[in-house]
Amino acid sequence: MKWKREDFFGNAVETAQKLIGAVLVSRTEEGIVRGRITECEAYGGTWEGRPDDAAHAYKGLTDRTRIIFGEGGYAYVYLIYGMYSCFNVVCGRKGDGVCVLIRSLEPLEGIPLMEKRRGRKNHLTDGPGKLTMAFGIDRALYGEDLTGDRLWIESEEGRTFPLEVTKRRNIDYAEYGKDFPWRFTLKGSSFLSR
């Protein structure tokens, strides 16, 4: 079942947990690709009274972060290392400033198209930059409505997936946030970021 706007209204941690096992779908003129979300990280809000200083929204509203401060159900796409796009699901209510980084997927459909986009046949979606390339997601999709027909999330009603919880990765710059247990993975999955 395709997510509706209200499905995105939880806080970042709730939404991240709900995203594990859900399916990301990307439709372009080249075709449709689908992948099960196996790893994601929550960003924004507080944990044990500490603000999430690893979140892009931590320093407030900017041109870059304006979409994060809108209501849930939109794409926040940004560039890292000057060459890779990262895809985030904006969640919460207007003004909350929270989102979920999708870190890894298990390819389900459209694998030949993913291979063409990535120029390889393995490790297609086991990292945030890899999955955006495989799914045709770039900064042109900043602000894309995730309840539309270009990029969306689907879940199987009533089905749950076992989770594992760890600290988030590659955010050693954060004083507090580097220790938040806000990375969620699909238990037993071999499709995790490297």
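The values are calculated or read from the model by the stated rules, or taken from the named source; none is laboratory data. This is a predicted model, so every value here is computed, not measured. So basically every Cβ, Gly included, is an ideal-geometry build from the backbone, and we count neighbours across all protein chains shown. The area values use the complete protein model at the heavy-atom level, side chains included, leaving out ligands, DNA and RNA. Shrake-Rupley method; radii C 1.70, N 1.55, O 1.52, S 1.80 Å.
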Inset, instruction - Could you pull out every one of the strands (runs of 3 or more DSSP E) wholly within the stretch 1-91 that has 3 or more residues that are farther than 21 Å from residue 162 by Cβ and among the acidic types (Asp, Glu)? - result: none
Inset, instruction - Give the stretch 138-158 a look and list any residue that's open to solvent by 10 Å² or more (accessible area, probe 1.4 Å), touching a residue at least 24 places away in the same chain (Cβ under 8 Å), assigned to a loop (DSSP other than H, G, I, E, B) and over 13 Å from residue 36 (Cα atoms), or say none. - result: 138, 142, 143, 144, 147, 149, 150, 157
Inset, instruction - Within the stretch 75-132, work out how many residues are of a type in the set (Ser, Thr, Tyr) and farther than 21 Å from residue 191 by Cβ. - result: 3
Legend entry - Residue check, residue 178 within 16 Å of residue 26 (Cβ to Cβ) and not in a loop (DSSP other than H, G, I, E, B): no
Inset, instruction - Output yes when any residue across the stretch 108-123 is within 15 Å of the chain's Cα centre (by Cα), open to solvent by 40 Å² or more (accessible area, probe 1.4 Å) and modelled with pLDDT of 95 or more, and no when none is. - result: no
Legend entry - Number of the condition not met by residue 101 [criteria: (1) outside any helix (DSSP H, G or I); (2) open to solvent by 60 Å² or more (accessible area, probe 1.4 Å)]: (2)
Inset, instruction - Considering only residues that are open to solvent by 50 Å² or more (accessible area, probe 1.4 Å) and basic (Lys, Arg), look in the stretch 14-55 and name the one that is nearest to residue 91 (Cα to Cα). - result: 18
Inset, instruction - For residues that are open to solvent by less than 40 Å² (accessible area, probe 1.4 Å) and touching a helix residue (DSSP H, G or I) at 6+ places or on another chain (Cβ under 8 Å), tally how many sit in the stretch 124-137. - result: 6
Inset, instruction - Would you check if residue 58 is under 17 Å from the mean Cα position of the chain (by Cα) and surrounded by 13 or more Cβ atoms within 10 Å (Cβ to Cβ)? - result: no
Inset, instruction - Scan (1) open to solvent by 70 Å² or more (accessible area, probe 1.4 Å); (2) closer than 14 Å to residue 19 by Cβ; (3) outside any strand (DSSP E or B) for the single condition residue 172 breaks and write down its number. - result: (2)
Legend entry - Filter result for residue 177 (touching a helix residue (DSSP H, G or I) at 6+ places or on another chain (Cβ under 7 Å) and over 17 Å from residue 34 (Cα atoms)): no
Inset, instruction - Scan the stretch 174-194 for residues that are small (Gly, Ala, Ser) and more than 15 Å from residue 126 (Cα to Cα) and jot them down. - result: 174, 177
